[in-house]
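Data block below; observations after.
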Amino acid sequence: MSDNKLMPQDNLSASAPEHGLENGSRREFLSKAAVAGTVTIAPGVFLHSTARAADMASNGNRSSRKLTDEVSSKNRWGMLIDTAKCADGCTDCVDACNEEHGLLGSHEHSADTQKTQYIRKVTLKDKSTGHESSLPMLCQHCETAPCADVCPTGASFVRADGIALVDKHICIGCRYCMMACPYKARSFVHENIKNQTLSSPRGKGTVESCTMCVTRIDNGGIPACVEACTKENHNAMIFGDLNNPNSTISQELKRRGGKQLRPDLALNTGVRYQGL
Amino acid sequence: MNRFLRQLTTSTRVLAGSALTAVMLISANAVAETPFPTINEPSKAEKCIQPEDEMRRNHMNYILHERDETMHEGIRGEPSSLANCIDCHVEPNEKGEIAGIESEEHFCNACHVYASVQIDCFQCHADRPQKFIDRKGGETAHIKHKLQEALAAATETESEKGVK
């Protein structure tokens, strides 16, 4: 009996100093674990499979569509960005996007203004109040997209679930869509590209823009930018189904609202902003 | 439309077959001197999604059809996809190098050069499996940040070892 009582006490007293001693090596372990984490995450495939396994489908935050079924207008994928949480100078979302789609190193001969950017950080200033907000600017995934309107070949289109895409198989590189886009969201590929990522085939002579990481979404994942923002604990970006009233994004929009950029154009954008 | 195409391809096949026989009969001696593409047999896959002769003739139809369905309707996970072809058929050679699409050693290019048919897929799509892609071009501030962390952790361990 007395032995039994002593045992746990012994364990406790032994473990307490260990905690103190182990602090340094635990930090080391954590930093190593972080590095190991990025290695496994880099191909992106593991993220999809874990996301699917978690099956967070029913809440409208991820796609639950079977890959053999057609996309439908039952869903409308969108993003909500809280500019109050978006730090000036932070480019985690931009970096994640460049990494996901392999955008860097594919335009060394291009001028800065020509370089591909799916997402970029901009600072908006309200002239009357002087209020500045820093926000990520990307394809707004309009319902009535001007890019799709003007495209002469049908390469620019809005998928049934609200994602604006370029079908590079039929894009002739006329760049009419780039002129039509009020958000300057599109880029033209000027150079030969090699080693494209699986999720983002891209080549010279075609126009491209944010795909909302459509391959990830189809596989039940979330866009790379949203994932990076959440992972770094900024939590400024929410992804989800705008048509599902239970999704986090719909709830948040209902609670606090969200503005469109250039609402005067009545494009019904899929990307909304708070705190402008 | 499909039936028409099928008929068309069948008749083309018959024509091509008879033409080939004729050529073979005439120039039986020259066959040995005729260059023939060297096609790599994939080592890891047991068999292709379709028999070899079917794939040789009609691989483009399989890929093209599902290309549009995938792009516009989001239908994925069909057995035939360019990425799946590449995953099996493009492998490193004895030196451990991957021959790019510009090389005649590349699985696709071997025949396409031989048949003098231009191949456009790889202007946009990767010509090798994702695991062989050199991502130096994709080095971002984000990665640099992670590398610095790893480096710091490594030097920390080293200095600790030095103290001990």
Item checked: Sole exception among (1) of a type in the set (A, V, I, L, M, F, W, C); (2) touching a residue at least 24 places away in the same chain (Cβ under 8 Å); (3) more than 14 Å from residue A:187 (Cα to Cα); (4) surrounded by fewer than 23 Cβ atoms within 10 Å (Cβ to Cβ) for residue A:80, by number -> (4)
Margin query: Among the residues of segment A:126-146, are any at positive phi and buried (at least 19 other Cβ atoms within 10 Å of the Cβ)?
Written below: yes
Item checked: Candidate set from segment B:110-131 (those that are within 9 Å of the chain's Cα centre (by Cα) and either outside the structural domain of residue B:55 (by TED's automatic domain parsing) or of a type outside the set (A, V, I, L, M, F, W, C) (or both)); member that is surrounded by the fewest Cβ atoms within 10 Å (Cβ to Cβ) -> B:129
Note to self: Residue under question is residue A:121, and the condition is that it be surrounded by 17 or more Cβ atoms within 10 Å (Cβ to Cβ) and among the basic types (Lys, Arg); does it hold?
What the structure shows: yes
Item checked: Candidate set from segment B:19-51 (those that are of a type in the set (Gly, Ala, Ser) and farther than 22 Å from residue B:82 by Cβ); member that is modelled with the highest pLDDT -> B:32
Margin query: Could you go through segment A:176-186 and let me know if any residue there is crowded, with 20+ Cβ neighbours inside 10 Å and within 13 Å of chain B (Cβ to nearest Cβ).
Written below: no
Checklist line | Condition broken by residue A:266, with the remaining ones in (1) buried (at least 16 other Cβ atoms within 10 Å of the Cβ); (2) aliphatic (A, V, I, L, M); (3) touching a residue at least 60 places away in the same chain (Cβ under 8 Å) satisfied | finding: (1)
Note to self: Looking only at segment A:86-103, how many residues end up being surrounded by fewer than 14 Cβ atoms within 10 Å (Cβ to Cβ) and in contact with a helix residue (DSSP H, G or I) (Cβ under 9 Å, 6 or more places away or on another chain)?
What the structure shows: 0
Notebook entry, point to check: Can residue A:233 be described as surrounded by fewer than 17 Cβ atoms within 10 Å (Cβ to Cβ), free of Cβ contacts under 8 Å to residues at least 40 places away in the same chain and within 18 Å of the chain's Cα centre (by Cα)?
Noted result: yes
Notebook entry, point to check: Taking segment A:94-120, which residues are within 10 Å of chain B (Cβ to nearest Cβ) and either of a type in the set (Phe, Trp, Tyr) or outside any loop (DSSP other than H, G, I, E, B) (or both)?
Noted result: A:94, A:95, A:96, A:97, A:98, A:99, A:100, A:101
Margin query: Name the residue that is farthest from the other protein chains (Cβ to nearest Cβ), counting only residues in segment A:60-93 that are within 20 Å of residue A:240 (Cβ to Cβ) and hydroxyl-bearing (Ser, Thr, Tyr).
Written below: A:83
Next item on the list: Take the residues in segment B:32-64 that are within 14 Å of another protein chain (Cβ to nearest Cβ) and without any contact (Cβ under 8 Å) to a residue 12 or more places away in the chain, then tell me which one is farthest from residue A:169 (Cα to Cα).
Entry: B:60
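The values are calculated or read from the model by the stated rules, or taken from the named source; none is laboratory data. Note that the structure is predicted; figures quoted are calculated from it, not measured. Ideal geometry is used to build each Cβ from the backbone, glycine not excepted, and the neighbour counts take in all protein chains shown.
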